[in-house]
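Asks: Dumping the structure here so I can ask a few things about it.
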Amino acid sequence: MYMSIEEIVNAANDNQKPIYELAISQEMEQTKCSYEEVWSKMEANLVTMENAVNRSVEGDGVFSPTGLTGGDAVKIKNYRERGKSLSGDTMMFGVQNAIGTNEVNASMGVICATPTAGASGTVPGVLFGIKNTLELSREDMIHFLFTSALFGMVVANNASISGAIGGCQAEIGSASAMAAAAAVEAAGGTPEQSSHAFSTALQNLLGLVCDPVGGLVEIPCVKRNAVGTANALVAADLALAGVENLIPADEVIESMYRVGRRMPAELRETGLGGVATTPTGIAIRNKILGTDS
Amino acid sequence: METNATTSEKAKEASYKSCFEVIGPIMVGPSSSHTAGALSIGLIAHQLFKGVPKKVVVKYYESFAETHKGHGTDFAIIGGVLGFATDDSRVPDALKISESKGIDITFIEEPGESPAGHPNTAEIYLGDDNRSARVVGISVGGGLIKVKHIEVEGFQLDPGEMPVVLAITKEDNFEIELRRIFKAYEVRINDFNEFYKEGKYLYQFNLNSQLTHDAHEELVSLGDMVNIIVLN
């Protein structure tokens, strides 16, 4: 089993294999499932992601039971159609899908956790954002998810993907880094470039706290997925341009873990710090959950 | 001062063994640890109790205690207790469904630290007139859980890594029969423990992979002489 990013890069180079193939082989080995079983399971995840983003822009969009979030994917779609976005359409289409996925999540709709539900918009945001630009086939998209997964497992096994343990850096940070690495591979980059994109993306989000208003996966979570997506695309572009990240990916993972351990509980998914305890955050909490809770 | 992580505070073994624990599960929102993971802890209680209880008591610790309302943890845990899967569309309605079945449910926010040493800890008690079961589970991220403590038929144990088969019987030497079945279906055993209490044996088999349908059928066909519990 690959326990470090370095091992993944070396294995891909030594065997002249794409990273997604390493992921599929590892999965078959670990779970004793056939290639077809592993493939169809990932395809089902992709279908879930597609259904979520499609649902997010039907009619006026989807809204959470609290009404705190929803409808923004539709606004972004309309804005994109005017063709005047500042950051370009690959970026804004990615952002639309990231926000849309998390609006579906907040509405208690069905999503695929990547690696978590709170961060479930980031990986599909990047994937669907680059789909048209890179003319990705369905097969390519499933490959993207396998590559993301292999990088994500290294984070999960060496640090954490839980906001309650490591803050939002462990969720959006991990998702963004996984997606950045997979985007580089999808664009034809080398395994080293995937690793640089990964470390750049995670390094950029180090220290990000988990501070859900009222404990709800809405504010700031939905918008953090937009930033996770944008950060992944920037990190992937940097790596593809040949910009290296001097701190190796495995060391960035280690530092993410250490930063998480130093975070007080108030900033780790308790809703007791950050924007959750701003006057407005507290007012929202009291209105929705009652003042006694 | 920030220091390097020591080995004692960090698990070096791979907790996440499948890529579908990182890309997945497919689930009803809004939180993988507080909704999908909570449901999975409820599901362990369901598997342990085997049936619909009359009474459920859920104790939350730390992050679970602070945010269970916002994350839908209550309906998720009860969805698990009712045996629903993480992507079952009935999950958000689990509290209403359990009410219609007449199940008495209490949620308690414990002020202290988790007895399992993890911020996402839930303890679930299920009972009816004759029997009870208890589970302490932690939700470690992305929907993955660990079960730290279970109580069933008077036995108390840490069940270790899932999947686990527990066999509770009054028959002597029943372990041999169970091992014969596992061998016949090529089920590899990672760990084994045996407990004895008040005339009953509990055999705990930690399996290397999920129990196949056929192996499960044969275990169940052993009938009344043994209570077979599969936790996964």
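The values are calculated or read from the model by the stated rules, or taken from the named source; none is laboratory data. As the structure is a computational prediction, the values presented were derived from the model and not from experiment. FYI the Cβ positions are ideal-geometry reconstructions off the backbone, even for glycines, and counts take in every protein chain you see. We work out accessible area using only protein heavy atoms, side chains counted, and drop any ligands, DNA or RNA first. Shrake-Rupley method; radii C 1.70, N 1.55, O 1.52, S 1.80 Å.
Asks: Quick check, is B:Ile145 modelled with pLDDT of 95 or more and within 14 Å of chain A (Cβ to nearest Cβ)?
Replies: Considered against the rule, which asks whether it is modelled with pLDDT of 95 or more and within 14 Å of chain A (Cβ to nearest Cβ), B:Ile145 comes out as yes.
Asks: Any chance the range B:80-102 includes a residue that's within 11 Å of chain A (Cβ to nearest Cβ), in a helix (DSSP H, G or I), within 18 Å of A:Gly109 (Cα to Cα) and touching a residue at least 40 places away in the same chain (Cβ under 8 Å)?
Replies: Yes.
Asks: Can you tell me which residues in the range A:159-194 are within 14 Å of chain B (Cβ to nearest Cβ), open to solvent by 10 Å² or more (accessible area, probe 1.4 Å) and not in a loop (DSSP other than H, G, I, E, B)?
Replies: A:Ile165, A:Cys168, A:Glu171
Asks: Need at least 3 residues that are open to solvent by 60 Å² or more (accessible area, probe 1.4 Å) and in contact (Cβ under 8 Å) with a residue 24 or more places away in the chain per element, so show me which strands (runs of 3 or more DSSP E) inside the range B:157-215 make the cut, counting only ones lying wholly within it.
Replies: In the range B:157-215, the matching strands (runs of 3 or more DSSP E) lie at B:189-197.
Asks: What is the residue count in the range B:29-41 for residues that are facing another protein chain (nearest Cβ under 7 Å) and more than 18 Å from A:Asn225 (Cα to Cα)?
Replies: Of the residues in the range B:29-41, 2 are facing another protein chain (nearest Cβ under 7 Å) and more than 18 Å from A:Asn225 (Cα to Cα).
Asks: On the given criteria, is B:Glu151 open to solvent by 80 Å² or more (accessible area, probe 1.4 Å), charged (D, E, K, R) and not in a loop (DSSP other than H, G, I, E, B)?
Replies: For B:Glu151, the condition - open to solvent by 80 Å² or more (accessible area, probe 1.4 Å), charged (D, E, K, R) and not in a loop (DSSP other than H, G, I, E, B) - is not met.
Asks: Would you point out which residue out of A:Val47, A:Val53, A:Val38, A:Val74 is modelled with pLDDT of 95 or more, under 13 Å from A:Phe146 (Cα atoms) and in a helix (DSSP H, G or I)?
Replies: A:Val38
Asks: Working only within the range B:9-50, note down all residues that are free of Cβ contacts under 8 Å to residues at least 40 places away in the same chain, assigned to a loop (DSSP other than H, G, I, E, B) and open to solvent by 30 Å² or more (accessible area, probe 1.4 Å).
Replies: The answer is B:Ala11, B:Lys12, B:Glu13, B:Lys17.
Asks: Another question, if that's okay. Count, please, the residues in the range A:42-80 that happen to be small (Gly, Ala, Ser), more than 9 Å from chain B (Cβ to nearest Cβ) and touching a residue at least 60 places away in the same chain (Cβ under 8 Å).
Replies: 1
Asks: Would you tally the residues in the range B:216-232 being under 16 Å from the mean Cα position of the chain (by Cα), polar (S, T, N, Q) and open to solvent by less than 70 Å² (accessible area, probe 1.4 Å)?
Replies: So the count comes out to 0.
Asks: State all residues of the range A:195-227 that are open to solvent by 10 Å² or more (accessible area, probe 1.4 Å), in contact (Cβ under 8 Å) with a residue 40 or more places away in the chain and polar (S, T, N, Q); if no residue qualifies, say none.
Replies: A:Ser195, A:Thr200, A:Gln203
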